[in-house]
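One structure is given here, and the rest of the page talks about it.
The values are calculated or read from the model by the stated rules, or taken from the named source; none is laboratory data. Here the structure is a predicted model, which is why all the values come from computation and not from measurement. In this analysis, Cβ positions are derived from the backbone assuming ideal geometry, glycine residues included, and neighbour counts consider all displayed protein chains.
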Amino acid sequence: MTARASSEITVGEMLRRHGISRRGFIKYCSAAASAMALPPSMGVAMAEQLRNAPRPSVVYLSFQECTGCLESLTRSFAPTIENLIFNIISLDYDDTLMAAAGDAAESARNKAMQDNFGKYVLLVDGSVPTGAGGGYCTAGGRSAVDTLREAAKGAAAIVCVGTCSAFGGIPFADPNPTGAWPVTAIVGDKPIINVSGCPPIPEVITGTLLQFVTTGKVPDLDEHLRPKVFFGNTIHDRCYRRPFFDEGKFAKSFDDEGARNGWCLYELGCKGPTTYNACATLKWNGGTSFPIESGHGCLGCSEPGFWDKGSFYAAQSAAAWGKAGEAAPLQVLKLTAAAAAAGAVLGTASAGVGRLRQHRGEQDAVDRESKGD
Amino acid sequence: MSTPAAGVPASLAPAENRSREARVAGAMSGFAQEIGALSAFRLESCIHCGICADACHFYIATEDPQYTPIWKVEPFKQAYKREASAFAPLFRLLGLKREVTAEQLAQWQHLLFDSCNMCGRCSLICPMGIDVAALIEQGRHAMFDAGLAPKELYLKAQHQRATGQPESSAEPYREQLLAIGERFGVQIPLDRPEADVMLCVPRTDIEHYPAAVAALARVMQHVGAKCTFRSDGLVAENYGYYAGGKDWQREISRRLIDQAIACKAQILLVPECGHAYAALRWEAADLYGKPLPFKVLQVTEYLAAQLQAGRLQLKATAVGAATFQDPCESARKGGINDAPRALMRAMGIELHEMKNHGGFSFCCGGGGGVLDIERAAPLRYRTMENKLREIDDTGAATFLTSCSDCRRTFDDARAHFDWQKTPHSLLELVADNLIGAGSPA
Amino acid sequence: MDLLGFARGPALKVAIAIFCLGVAWRIVGFGLLRIRRDLNKPRAPIAKYLVGGLVAVGSRSWPHREFIGRTGAGEALGYSYHLGLFAVVLLFGPHIAFLGSLFGITWPGLPSSLITVISVLTLTLFVAVLFRRVTNPVMRMLSNFDDYFSWLVTMLVLVTGLAATAHFGAAYQTLLALHILSVDLLLVWFPFGKLMHAFYIFPSRALNGAILARKGATS
């Protein structure tokens, strides 16, 4: 990591120093472009742009997080090229990765933010607690809220890495003791891109970053501010087990015959139909597998409120009855019996009213007859 | 709702002159009396599929949707929903169901009386299993209470209730009955103090088909039944039933019931008349308030039993091919289907069934009192066209029935349509083919 | 709480409660009206007319031979879309899971693609049925708000279900939420309109069939 101003060394210079040919770099960029469904020509443009670009400054802030997102980012599988992405950007601050600590680290950040004011990309992971005056997450004596607000001021764009910063994630789940909020609840006036997932797929993080850094533009986003290129389809729509769903072949329990035959995990609670992410296509560990392929249903971790929406093991279409999100037949029985009993009481009352009116009607007739009407 | 019924005759011809308010009040209290859990269930079950129209010959002949059977009870349904249904208090509070109006009642008189034979065919087709005919009967009760029974039916019911005869006659029926006996040379048992079987007679037969009256007496003599007519309970028809006046229907039935009890009869024998059977067999006990202490049998089912017991001896008749009109009230609604056929088989008749026969037979067109309603005649004739065609299509030369009102209706049609067939009485045919009987007059 | 959570959670609870309350109210409300005993002697022994009632439950599902010419097509149309609805509601995997979560029992279903085909057919028939109701003079005269609203409420369930399966028109969560909300609406409307015929049909056929069989009348 270097703390030198990013304008000093171009990307092309860095590449050359690492023995990466121009051809090789263009190939990588073309691959990345096609992964984002951009035209191949973009790959060349990206490569040229990157080579001649001063390395953009990136500040990575971590708040209430488990560091899983950063771990995911660094688990990029094609080592040399993707590590180079780190060298394409100037990662001016990351409290986990950087060698410096304490005042030195903080002043490095402040200088980077000052020198690149209005131009740096702010990466955020972890939710932002507001409880106890922000005291649940402090670094260097300053609360996460304050740090975020300050850092946001000079950012060209904010990329929320992971569900916690994008939607509040696990700290945000009921009962949310720290008063955690997503970044969008704290910052309103900057372009925000949510790269959600718990954690997000490495290539999704790098691909999004790469697109912004090369084009300077925010990609097409869905209503949750997630890049449509990665979050435009549901897991269900791209799942290799979909034919089993369509045929109605569901695993009923883990390790039953259906499960061992790789049948659809819908009835075991897979949230694939309502989860937008690239897991079914890009997969994890360089395309090795993803949860469903490993035999466990999708948890829906890239969706807002996925933890509270639970249950992880009740089918998607199951009625959500109580806090746990499970409908117990006994509860249903009690409700229906109580409602039916109440209805029966009302019915008895209305039958009584009806009979009374009938009786009065008959009395009227008798009276009229005796009066000779 | 409340779409005005098209083609309603301008003259209402209601039986009584009443104020609009009195009419509505009368109808509403009439509906109130009729609504019970069973009729409520029937009214609730209607899903507006309109299939009942396809069973009703008034709709089939005219393709006029107002003759849809369940539509005939629309005011009844409306009143039920507003007054007695589960959500009635809410409907009234929120004004979601309107009150039945005098105008509606006036329009519906035509639908409930002129265009319904009470034949019960609609009850066979409803996919929800609703007995639509039963609802129509209840609707008539309410119309009667509103003073909207058609004049012809009302006056006859009133007269019958008072005197035992639907209309006055030059000679009382009692005398006419005895005269028939003399004319046809058959003994008329009258006013015996005790008998096993009490007889009664359709006044239509007394007036128009005296041979049938004689046939009844003759056949009863043949089977050796200890039977009697009773002067104070002679007439089988019940105009209270037609007019929708339940109390009058009760009083008219009471004559026969009281006389049957008085002569300690085991059986009250209903002659060839459809609605008389329905009124006595399936309604009288309810009106009377307790089970009847005697059996009610229609003459064909009685004779079929006698045939099986060997007491009725019949010879083959020369009639050959014949077709048979099942009276709606005794066959489809009453449950008597096999008996007339057993009698015809015993006489060697080659029965050619109509396309719609037995329980699915179309009404003659005169049932439910429609024959008596003058202004209904044009509509009645339209429904009869199909019926006459069906009869002719059987290719049978002889046309038999066991209901005197059916006979009258078909005789009326002969004149109107210049129709070639004559309706004959099955009872008369039986009487003409008794083995060991004297030669018929 | 998002729309889907609301639809599946509190809205569904309330809808089921209103459904049970309304159905019980309506049935008890008329069931407790006067019952008249029939004092006329039955023609058949009681066993026979109870059997007659049971027979009517099935026999009324298809018109008698004499009526088929006039009424067969319309009845076939009506039954067909009912069969389609039952198939879709009861034999689609996610629906079975839903009902299973409520009642604790599940059963095998049909392949989802077949269900989609059935749904589309049912939808077509359902539109045809409205067309018929509006153009047939008898049905047009008989029809009221209840008939059209009940049709609409059912149609919404069908349409939103197909849209959700096809991911057509909005995000899947939204479509699914709309579908479940439309079911909630159907449950709430159910006791107040003609949809109650679902509860009435077999008892009505049985009761009226038994009463006719008691007389030996044609049924």
Identify, please: which residue in region A:226-240 is crowded, with 22+ Cβ neighbours inside 10 Å and not polar (S, T, N, Q) and is, among those, farthest from residue A:35 (Cα to Cα)? A:236
Read through the list (1) more than 19 Å from residue C:65 (Cα to Cα); (2) within 20 Å of the chain's Cα centre (by Cα), then give the number of the only condition that residue B:358 fails. (1)
Please verify whether residue B:364 is under 30 Å from residue B:155 (Cβ atoms) and assigned to a loop (DSSP other than H, G, I, E, B), treating the condition exactly as stated. yes
When every residue in region C:117-146 that is assigned to a helix (DSSP H, G or I) and facing another protein chain (nearest Cβ under 7 Å) is compared, the one surrounded by the fewest Cβ atoms within 10 Å (Cβ to Cβ) is C:137
All conditions in (1) within 21 Å of the chain's Cα centre (by Cα); (2) within 9 Å of chain C (Cβ to nearest Cβ) are true of residue A:318 except (1)
Any hit, region A:194-205, residues being in a strand (DSSP E or B), crowded, with 21+ Cβ neighbours inside 10 Å and not β-branched (Val, Ile, Thr): yes
State yes or no: is residue B:277 within 14 Å of chain C (Cβ to nearest Cβ), modelled with pLDDT under 95 and within 28 Å of residue B:163 (Cβ to Cβ)? no
Which of the residues that make up region C:100-116 are closer than 30 Å to residue C:62 by Cα and either more than 7 Å from every other protein chain (Cβ to nearest Cβ) or among the hydrophobic types (A, V, I, L, M, F, W, C) (or both)? C:107, C:108, C:110, C:114, C:115, C:116
For residue C:219: the one exception among (1) assigned to a loop (DSSP other than H, G, I, E, B); (2) farther than 30 Å from residue B:333 by Cα; (3) touching a residue at least 12 places away in the same chain (Cβ under 8 Å): (2)
Any residue in region B:33-44 that is among the charged types (D, E, K, R) and at pLDDT 90 or above? yes
If I filter region A:326-373 down to residues being within 8 Å of chain C (Cβ to nearest Cβ) and at pLDDT below 70, which single residue comes out as nearest to the chain's Cα centre (by Cα)? A:326
Looking only at region C:125-149, which residues are within 18 Å of residue C:85 (Cα to Cα) and either of a type in the set (S, T, N, Q) or in contact (Cβ under 8 Å) with a residue 40 or more places away in the chain (or both)? C:125, C:126, C:128, C:129, C:147, C:149
Just wondering, is there one or more residues in region B:379-386 that are surrounded by fewer than 18 Cβ atoms within 10 Å (Cβ to Cβ) and within 14 Å of chain C (Cβ to nearest Cβ)? yes
Suppose we filter region C:171-219 for residues that are more than 13 Å from chain B (Cβ to nearest Cβ) and aliphatic (A, V, I, L, M); how many remain? 12
Quick check on residue A:160: is it assigned to a helix (DSSP H, G or I), touching a residue at least 12 places away in the same chain (Cβ under 8 Å) and not aromatic (Phe, Trp, Tyr)? no
Name, by its number, the condition in (1) surrounded by fewer than 19 Cβ atoms within 10 Å (Cβ to Cβ); (2) in a helix (DSSP H, G or I); (3) more than 22 Å from the chain's Cα centre (by Cα) that does not hold for residue C:175. (1)
Would you check if there is a residue in region A:245-262 being buried (at least 22 other Cβ atoms within 10 Å of the Cβ), part of a helix (DSSP H, G or I) and within 12 Å of chain C (Cβ to nearest Cβ)? yes
If the requirement is being in a helix (DSSP H, G or I) and either over 18 Å from residue B:46 (Cα atoms) or not polar (S, T, N, Q) (or both), which of these qualifies: C:149, C:168? C:149
Would you please name the residue that is nearest to the chain's Cα centre (by Cα), looking only at residues in region B:196-238 that are hydrophobic (A, V, I, L, M, F, W, C), in a loop (DSSP other than H, G, I, E, B) and surrounded by 22 or more Cβ atoms within 10 Å (Cβ to Cβ)? B:236
Members of region B:338-378 that are buried (at least 20 other Cβ atoms within 10 Å of the Cβ) and among the acidic types (Asp, Glu): B:372
Among the residues in region B:233-249, are any small (Gly, Ala, Ser), within 14 Å of chain C (Cβ to nearest Cβ) and more than 22 Å from residue B:363 (Cα to Cα)? no
Anything in region B:213-261 that is over 28 Å from residue B:343 (Cβ atoms), of a type in the set (A, V, I, L, M) and touching a residue at least 40 places away in the same chain (Cβ under 8 Å)? List them, or say none. B:243, B:252
Just to be sure, is residue C:183 under 14 Å from the mean Cα position of the chain (by Cα) and assigned to a helix (DSSP H, G or I)? yes
